[in-house]
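Novice: Right, I'll just put the structure down here and ask away after.
Just so it is clear, none of the values below were taken in a lab; they were calculated from the coordinates. Not measured: the values here are computed from a predicted model. Positions of Cβ are backbone-derived with ideal geometry, glycine not excepted, and every protein chain shown enters the neighbour counts.
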Amino acid sequence: MGWVNLISCLLPDPAVVRLETWGTEHAPPTITLTLTSRSRPASCPLCSRRARRTHSWYERALADLPWGEHAVAVHLRVRKLFCDNARCKRRIFTERLPGVAAPWARKTARLSERLTAIGVALGGAAGARLGHSMGLAASRNTLLRLVRRALLPPDTTPTTLGVDDWALRKRHTYTGAMRCGMPQMPECLPRTAR
Ligand SMILES: [Zn+2]
């Protein structure tokens, strides 16, 4: 196996990105990878229509899991595409590569997952200390933010729906309340008292 094939095996989600260039620096020890999206059809995040026309390319800078003593810096080239759905409000969008990194993230998905696991196990301050010793540098606040995001319940479709009447003040203000089968504030529908 050649160097390029070996490195390609270690990429985040090699099915959707390919290695363009790579290089190393010694101080501090860093491996820099330039990756490019494999230009598969992408769906508009607003209307889900498949888009094939490329508007432009832009480069994202991401931190990845370290390789031995080397930090890994990823330059990820992704496409901006036209949405050709005339009814869609989004004219141009950036393709999503969820297996590589979340939109706007500055870390790869697998690095974020590793840091989240550390944060859940140890919390912010102790997690940050362990992370630094393992080459997974992240601040206390970053770990806590990742943990909070991981602990948020996923959006789910309500399984039950109920409608109740209740009064702010007897015979004066009645309100209809719709409650769904999830822990959230009910929607209140003001109604004239009878
Ligand atoms: Zn669209």
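Novice: With a cut-off of 19 Å, note down the residues of the range 1-39 whose backbone N falls inside the zone around a label point 7 Å from the Cα of GLU59 toward its beta carbon.
Specialist: Counting only backbone N, you get 12, 17-26, 28, 30-39.
Novice: For the pair LYS80 and SER48, how long in nm is the line joining their label points, each one 7 Å along Cα→Cβ?
Specialist: 2.7
Novice: Can you pull out the chymotrypsin sites (Phe, Trp or Tyr not before Pro) in the range 60-133 that DSSP calls coil and that have at most 10 other Cβ atoms within 10 Å? Intermediate values should be presented prior to the final figure.
Specialist: On the way: sites: TRP67, PHE82, PHE93, TRP104; in loops: TRP104.
Loop-located and lightly packed - TRP104.
Novice: Same structure again: Could you give the length gained on full extension between ALA105 and ALA125, defined as 0.36 nm per residue of separation minus the Cα-Cα distance, in nm? All intermediate terms of the calculation are to be shown ahead of the outcome.
Specialist: On the way: separation 20, 0.36 × 20 = 7.20 nm, distance 2.17 nm.
Taking 0.36 nm per residue and subtracting the Cα distance, the gain is 5.0 nm.
Novice: Using a simple spin-label model with points 7 Å from Cα along the Cα→Cβ vector, what separation in nm is obtained for GLU69 and SER39?
Specialist: Distance between label points: 4.0 nm.
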